[in-house]
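*Asks:* Structure in structure tokens, see below.
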Amino acid sequence: MPNPASPTILIDRSAQIRSVRATAASVLHYRQLIRSLVAKDLKLKYRGSVLGFLWSLVNPLLMLGVYTLAFTYIMKVRVEGFVFLLLLGILAWNFFVGSLVMSTGAIVDNAGLLKSVLFPRAVLPIASVMFNFAQYVLTAAVLIPVMIVVYQVPVTSSLLLYPIVLFLQLVFVTGLALALSAAAAHLRDTRHLLDIALQVLFWTTPILWSLSLVPEKYQRLVLLSPMSAFVVAYQRIFYYGTWPGTDVTAIAVLYAAAALGIGTMFFLRSDRRFSELV
């Protein structure tokens with residue numbers, strides 16, 4: 001029989017997670033919690049709306065219509081299939097931005113949860129990423145097939161690379177989310193700095209303009225912009241029907257591995273102090 005007078009000792013299991021492998025194992029163990037957090041956010045987003053989750057299907061179709069009207073009939077862009085090229089970049093960019101913006105509040109905005117419940121802290125920023133990833137997949141699943149039909153883009157074997165590039169972007173964004181969530185706990189200005197950085201990065205990423213417009217000797221420099229390799233890969237796979245290329249693939253792999261490794265280590269070095277910082 002335990003002595004009721006003796007104090008209860010709580011052991012923070014997250015403090016035992018001190019390596020990338022251990023973090024991955026703990027997150028996998030708490031995958032149900034991640035699913036619950038993602039489902040909660042999705043339900044909150046569509047709660048009270050008439051169409052509910054159907055907005056995930058309607059929204060991309062509205063995007064296609066609006067951009068087609070704006071760029072084809074109003075701005076009269078003469079590049080064939082420009083809207084398809086544009087939306088491929090915007091879809092990937094929105095997933096990137098949404099995940100990073102949400103992750104900056106993953107730790108700071110959950111102070112009460114961190115101090116009252118024991119679980120791996122990495123679950124919070126990862127849940128933010130998965131919420132945005134779920135929205136991206138739902139939108140892409142509707143929009144990309146429609147655009148392929150509308151613009152009569154030939155289906156080639158390069159489409160087999162889409163899940164691989166998508167996985168690399170997911171890993172890349174997850175690593176950045178871990179780093180930013182920890183950074184925001186140390187420095188509240190992280191959110192404001194991120195807003196500025198994202199505005200700069202948008203114009204250095206070939207979304208509104210094509211990489212082919214850049215002189216060949218400077219194209220590798222453009223690909224060093226964090227999202228460029230992923231956006232170019234999607235454009236080449238779907239719009240051009242070609243393989244992304246060695247340079248694009250190598251940079252995407254390098255960025256994904258570096259972001260995950262550095263982001264996880266920085267997060268682990270900070271997680272013991274989260275309760276104090278928030």
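*Asks:* Closer than 30 Å to Val108 by Cβ, surrounded by 14 or more Cβ atoms within 10 Å (Cβ to Cβ) and hydrophobic (A, V, I, L, M, F, W, C): does that describe Leu268? Write out each step before concluding.
*Replies:* Values: closer than 30 Å to Val108 by Cβ: yes; surrounded by 14 or more Cβ atoms within 10 Å (Cβ to Cβ): yes; hydrophobic (A, V, I, L, M, F, W, C): yes.
It is true that Leu268 is closer than 30 Å to Val108 by Cβ, surrounded by 14 or more Cβ atoms within 10 Å (Cβ to Cβ) and hydrophobic (A, V, I, L, M, F, W, C).
For every residue, the table says whether it meets (1) of a type outside the set (Asp, Glu); (2) outside any helix (DSSP H, G or I).
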site: Phe230; (1), (2): yes, no
site: Tyr234; (1), (2): yes, no
site: Phe238; (1), (2): yes, no
site: Pro244; (1), (2): yes, yes
site: Phe266; (1), (2): yes, no
site: Asp271; (1), (2): no, no
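*Asks:* Grab the helices (runs of 4 or more DSSP H) fully contained in segment 139-227, keeping just those with 3 or more residues being under 21 Å from the mean Cα position of the chain (by Cα) and in contact (Cβ under 8 Å) with a residue 40 or more places away in the chain.
*Replies:* Working: elements: 162-186, 190-203, 216-223.
Output list reads 162-186, 190-203.
*Asks:* Which of the residues spanning segment 194-249 are of a type in the set (Ser, Thr, Tyr), more than 30 Å from Val149 (Cβ to Cβ) and surrounded by 17 or more Cβ atoms within 10 Å (Cβ to Cβ)? Quick ask: steps written out before the conclusion?
*Replies:* Restricting attention to segment 194-249, the residues satisfying the condition of being of a type in the set (Ser, Thr, Tyr) are 204-205, 210, 212, 218, 225, 228, 234, 239-240, 242, 246, 249.
So of that shortlist, the ones also more than 30 Å from Val149 (Cβ to Cβ) come out as 204, 218, 225, 246.
Matches in segment 194-249: Ser225 only.
*Asks:* A further question follows. Quickly run through segment 89-138 and pick out the residues that are among the hydroxyl-bearing types (Ser, Thr, Tyr), in a helix (DSSP H, G or I) and over 15 Å from Leu170 (Cα atoms). Give the steps one after another, and end with the answer.
*Replies:* So the first thing to find is which residues in segment 89-138 are among the hydroxyl-bearing types (Ser, Thr, Tyr), and the list is 99, 103-104, 116, 128, 136.
Next, only the ones that are in a helix (DSSP H, G or I) stay: 99, 103, 116, 128, 136.
Selection gives Ser116 alone.
*Asks:* Which residue is nearest to Trp93 (Cα to Cα), if the candidates are limited to segment 171-193 and must be of a type in the set (A, V, I, L, M) and surrounded by fewer than 21 Cβ atoms within 10 Å (Cβ to Cβ)?
*Replies:* That would be Val171.
*Asks:* Restricting attention to segment 54-109, which residues are touching a residue at least 40 places away in the same chain (Cβ under 8 Å), of a type in the set (S, T, N, Q) and either under 23 Å from Val232 (Cβ atoms) or surrounded by fewer than 22 Cβ atoms within 10 Å (Cβ to Cβ) (or both)?
*Replies:* Ser56, Asn59, Asn94, Ser99 - these are the residues of segment 54-109 that are touching a residue at least 40 places away in the same chain (Cβ under 8 Å), of a type in the set (S, T, N, Q) and either under 23 Å from Val232 (Cβ atoms) or surrounded by fewer than 22 Cβ atoms within 10 Å (Cβ to Cβ) (or both).
Only the coordinates and a few stated rules stand behind these numbers; no lab work does. Model, not experiment: these values are computed from the prediction. FYI the Cβ positions are ideal-geometry reconstructions off the backbone, even for glycines, and counts take in every protein chain you see.
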